[in-house]
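Since the structure comes first, as structure tokens, the remarks are kept for the end.
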Amino acid sequence: MKLITYRYSGKEAVGILEGETVRPLPVNSMVELIESGGIPAPTGETLLLADVELLAPIPRPRQDVICLGINYKAHADEAAGYDAAFIKEKPIPIYFSKRVCEAVAPGGMIQSHPGLVERLDYEAELAVIIGKTAKNVSAAQAADYIFGYTILNDVSARVLQTSHKQWYFGKSLDGFTPIGPCIVTADEIAFPPALPIRARVNGELRQDSTTDLLITGIADIIAELSSGMTLLPGTIIATGTPSGVGMGFDPPRFLKSGDVLECEIGGIGVLRNTVD
């Protein structure tokens, strides 16, 4: 099942996406739906997708997005070649968080922040949505705690990222977290997900990999994080990006105003955004 958040007649709503139609659900938000533990029967008039304004599936995450850095081997190699700050010295996951006041909607604008950001980059990622409170979850149990999956573009300001000893500021600027276009419920995707993941810039294929190449897999991510922190329903975990980001080219190929980004994951869809 594909679930979306949208705006219609000035109100935010949640619905089931079926082809080019939307079936409204009687909930106030996607997080409320996730917390309810089930998907209610649709109510009201079926809408045309063309008549609604598509929003990020979780427009305002309740907590910072949890991210994995350097979680594909080929990306680890290209990142280390760009700057020594990305060299992964130990074979353990790199976690960081991404502050999100409001996630960028599918079709929305990525803010370029002129005067602050010099090297704007993209990162197509599979994002995991936690479905119920997770604490001390084993790797064997992890799949039972996943509500669904979506696409996240971990937009990054490379100079800010490498200038600081941590990545928080360079990852968390306003307009740096496009998410969508939908959440696909976990029952639709075999676990662990082995899905094609791609990114295009102005139609040019830049990233092309599969989500089964994660260095630290989803089950281990959930097990490790939940061993020391409580993951609430609606928590978003971005699992890392494959090779082909802008800083990985020689010379690097960073984003500029007007560029169109398309992040695609098989079975989920395409997240398309434009740099302002």
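Every number here is computed from the coordinates shown, using simple stated rules; none is lab data. All of these numbers come straight from a predicted model, not from anything done at the bench. Cβ: placed from backbone, ideal geometry, glycine included. Neighbour counts: every protein chain shown.
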Practice problem: Can you bin segment 223-273 into rounded, prolate or oblate? Criterion: square roots of the alpha carbon gyration tensor eigenvalues sorted a ≥ b ≥ c, rounded for a/c under 1.5, prolate for a/b above b/c, oblate for the rest. | Solution: prolate
Self-check item: Integer Hz, Karplus 6.51/-1.76/1.60 couplings in order for segment 164-171, x for Gly and Pro
Solution: 9, 7, 9, 9, 4, 5, x, 9
Exercise. Note down the net charge around T216, summing +1 for each Lys or Arg and -1 for each Asp or Glu among other residues with Cβ under 14 Å from its Cβ.
Key: -1
Quiz prompt | Local electrostatic count at P40 - Lys and Arg +1, Asp and Glu -1, tallied over other residues with Cβ under 15 Å | solution = -1
Quiz item: From the phi of every residue in segment 91-99, what ³J(HN,Hα) in whole Hz does the Karplus formula 6.51 cos²θ - 1.76 cosθ + 1.60 yield, where θ is phi - 60° and glycine or proline is x?
Solution: x, 10, x, 9, 9, 8, 10, 10, 6
Practice problem: Sort out for me the Cα centre separation of segment 254-273 from segment 149-223, rounded to whole Å. | Solution: 11 Å
Quiz item: When the dipole is taken about the Cα centre of the chain, and only Lys, Arg (+1) and Asp, Glu (-1) are charged at their Cβ, what size is it in debye, to the nearest 20?
Solution: 520 debye
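Counting each pair of different Cα atoms once, what's the Kirkwood radius of segment 183-223 in Å, rounded to one decimal? Intermediate results must be reported in sequence, preceding the final value.
Values: mean 1/r = 0.0838 Å⁻¹.
For segment 183-223, the Kirkwood estimate is 11.9 Å.
Let me check against my output: what whole-number percent is the relative contact order of the chain, with C-alpha pairs under 8 Å and at least 6 apart?
Values: 711 pairs, mean separation 68.3, N = 276.
Over the chain, the number comes to 25 percent.
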Practice problem: Name the long-range amide H neighbours of G148: under 5 Å, sequence gap of 5 or more, or other chain; modelled H, no Pro or chain starts. | Solution: I129, A186
Exercise. Note down the net charge around K73, summing +1 for each Lys or Arg and -1 for each Asp or Glu among other residues with Cβ under 14 Å from its Cβ.
Key: -2
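Out of segment 1-64, which GluC sites (Glu not before Pro) are coil in DSSP terms and have no more than 11 other C-beta atoms within 10 Å? Spell out each step's value before the answer.
On the way: sites: E12, E18, E20, E32, E35, E45, E53; in loops: E20, E45.
Answer by residue number: E20, E45.
With a ≥ b ≥ c the root eigenvalues of the C-alpha gyration tensor of segment 24-64, is it rounded (a/c under 1.5), prolate (a/b larger than b/c) or oblate? Each step should come with its number before you reach the end.
Details: a/c = 3.53, a/b = 1.26, b/c = 2.80.
In terms of gyration-tensor shape, oblate.
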Quiz item: Rg to Rh ratio, segment 1-54, alpha-carbon atoms and Kirkwood radius?
Solution: 0.92
Exercise. Choose one of H75, A50, M109: the residue whose Cα lies farthest towards the positive end of the charge dipole of segment 1-131 (beta-carbon charges +1 Lys, Arg; -1 Asp, Glu; about the Cα centre).
Key: H75
Self-check item: Answer label, with P(r) over Cα pairs in 5 Å bins from 0, in percent calculated from the coordinates and candidates (i) 1, 6, 13, 18, 20, 17, 12, 8, 4, 1, 0, 0; (ii) 1, 5, 12, 16, 18, 18, 15, 10, 4, 1, 0; (iii) 1, 5, 10, 12, 12, 10, 7, 6, 6, 6, 6, 6, 5, 4, 3, 2, 1, 0
Solution: (i)
Exercise. Give me the number: length gained by fully extending E89 to A74, i.e. 0.36 nm times residue separation minus the C-alpha to C-alpha distance, one decimal in nm.
Key: 3.9 nm
Quiz item: Dividing the alpha-carbon Rg of segment 1-92 by 2.2 N^0.38 Å yields what?
Solution: 1.58
Exercise. Run down the lysines and flag those whose C-alpha is under 30 Å from the C-alpha of K132, throwing out any fewer than 8 positions away in its chain.
Key: K2, K11, K98, K171
Quiz item: Within straight cross-link reach of K256, meaning Cα distance under 18 Å, which aspartates and glutamates are found once same-chain residues fewer than 8 apart are removed?
Solution: E118, D121, E123, D154, D174, E204, D276
Quiz item: At q = 0.10, 0.13, 0.20 Å⁻¹, what log₁₀ I(q)/I(0) does a Debye calculation on the Cα points of segment 127-276 give, no solvent, two decimals?
Solution: -0.38, -0.64, -1.34
